[in-house]
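Peer 1: Below is one structure. I have some questions about it.
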Amino acid sequence: MKILLAKDAGYCFGVRDAVNMAYDTANEYDEVYMLGDIVHNETVVRDLAKAGTKVVTSLNNVPKDKPVLFRAHGTDPNVWNDAKEKNLNIIDATCPLVIEIHEEIKKLEAEGRKTIIIGDHGHDEVVAIAAQVSDPIIISNQGEARTLRKMKKAGVVSQSTQMIENVQEIINILMEKVFDLRFINTICFPTRRNHEQIKELATMCDMMIVIGSFTSANSKRLTQLALERNSRSYQVTSVNDLDQSWFKDSDVVGISAGASTPDKNIKEIVEKIKNIGRVTKKEEVYE
Ligand code: SF4
């Protein structure tokens, strides 16, 4: 059996930097506070909690002498102001590519456009993008796009981890609804790369394993992309989820992982699959 591991499987640079910042800050101050989990991955959250991170629902629960870390996927400007007024020590882990989305949507609003965000309702990143402008419309699928009324002037951005296919389909519908439409493609490059790799891998391999939490929209999207091209695609969170029978008659196994999946998790699963397939050679990296 041959194993092909997607080169960009796992942490994107934004998540990696934020997790490292959380560890460094916890080391320095014993504790660091966050408004919600740093990533949608239970193992990472558990390990970070052991290192001293605390998840709270309000800035009122952050002690005055402890830092608060603003996560990679962005924070509502009102929360920023609140934290500044409270004189809290803010550790900013916002991904620079998320900051770009905030800037783009503000520019679209300044041009007098109705702002539209293509993204998942309630997702932390989308909530923070929406908070940059007044009263944006959030669209997650074609059905929602179809219910929109006609409008003169609109500007669209997308959540960084959206699938290009979903965005394209929604834009096609919006083209019929909006007279003057401006779309800024804000799907981030790590997401694009990861999606491209899994699309290719899924057609080249006998089966696919996607590693990631079921609470991670990003990991679920990778599984969807793999499944659309290869029916023998499975999402797993740990070695315990692997079923030996999946690997029967598989000469080539492709592996990828969501942007919130830690390296340790990927390594363990690759080793277990090698064990199942009695593979002695190192896995090949697919670029
Ligand atoms: S998915 Fe993209 S935008 Fe989001 S944290 Fe990672 S690199 Fe940044």
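The values are calculated or read from the model by the stated rules, or taken from the named source; none is laboratory data. If you're wondering where the values come from, they're calculated on a predicted model, not measured in any experiment. We place every Cβ from the backbone using ideal geometry, glycine too, and count neighbours over all the protein chains shown.
Peer 1: Among strands (runs of 3 or more DSSP E) lying entirely in region 8-109, which contain 3 or more residues that are without any contact (Cβ under 8 Å) to a residue 40 or more places away in the chain?
Peer 2: Once the strands (runs of 3 or more DSSP E) in region 8-109 are filtered for at least 3 residues that are without any contact (Cβ under 8 Å) to a residue 40 or more places away in the chain, what remains is 53-55.
Peer 1: Separate question: Scanning region 181-206 for residues that are of a type in the set (D, E, K, R) and in contact with an Asp or Glu (Cβ under 7 Å, 6 or more places away or on another chain), which turns out nearest to the ligand (Cβ to nearest atom)?
Peer 2: Among them, the one singled out is ARG193.
This table checks each residue for (1) aromatic (Phe, Trp, Tyr); (2) more than 16 Å from the ligand (Cβ to nearest atom); (3) in a loop (DSSP other than H, G, I, E, B); (4) under 22 Å from the mean Cα position of the chain (by Cα).
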site	(1), (2), (3), (4)
GLY143	no, yes, no, no
GLY155	no, yes, no, no
SER160	no, no, yes, yes
ASN166	no, no, no, yes
ASN172	no, yes, no, no
MET175	no, yes, no, no
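Peer 1: Right, next: Would you check if there is a residue in region 90-106 being away from the ligand (no atom under 16 Å from the Cβ), over 20 Å from the mean Cα position of the chain (by Cα) and farther than 30 Å from LYS150 by Cα?
Peer 2: Filtering region 90-106 for residues away from the ligand (no atom under 16 Å from the Cβ) gives 90, 106.
If we keep only those that are over 20 Å from the mean Cα position of the chain (by Cα) as well, we get 90, 106.
From the residues that got through so far, the ones that are farther than 30 Å from LYS150 by Cα too are 90.
Yes, region 90-106 contains a residue that is away from the ligand (no atom under 16 Å from the Cβ), over 20 Å from the mean Cα position of the chain (by Cα) and farther than 30 Å from LYS150 by Cα.
Peer 1: Does ALA6 fit the bill of being closer than 30 Å to MET204 by Cα, modelled with pLDDT of 95 or more and within 16 Å of the ligand (Cβ to nearest atom)?
Peer 2: Yes.
Peer 1: Would you confirm whether any residue within region 54-63 is among the hydrophobic types (A, V, I, L, M, F, W, C), modelled with pLDDT of 95 or more and within 16 Å of the ligand (Cβ to nearest atom)?
Peer 2: no
Peer 1: Follow-up question, since we're still on this one. Of all residues in region 112-130 being in a loop (DSSP other than H, G, I, E, B) and closer than 20 Å to ILE170 by Cβ, which is farthest from the ligand (Cβ to nearest atom)?
Peer 2: Looking at the filtered set, the residue picked out is ARG113.
Peer 1: Evaluate region 171-184: report whether one residue or more is under 16 Å from ARG221 (Cα atoms), buried (at least 20 other Cβ atoms within 10 Å of the Cβ) and not basic (Lys, Arg). If you could, list the steps in order and put the result at the bottom.
Peer 2: Kept after step one, since they are under 16 Å from ARG221 (Cα atoms), are these residues of region 171-184: none.
No: zero hits.
Residue by residue, here is whether (1) basic (Lys, Arg); (2) within 22 Å of the chain's Cα centre (by Cα) holds:
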position: LYS2; (1), (2): yes, no
position: VAL15; (1), (2): no, yes
position: MET34; (1), (2): no, yes
position: ALA51; (1), (2): no, no
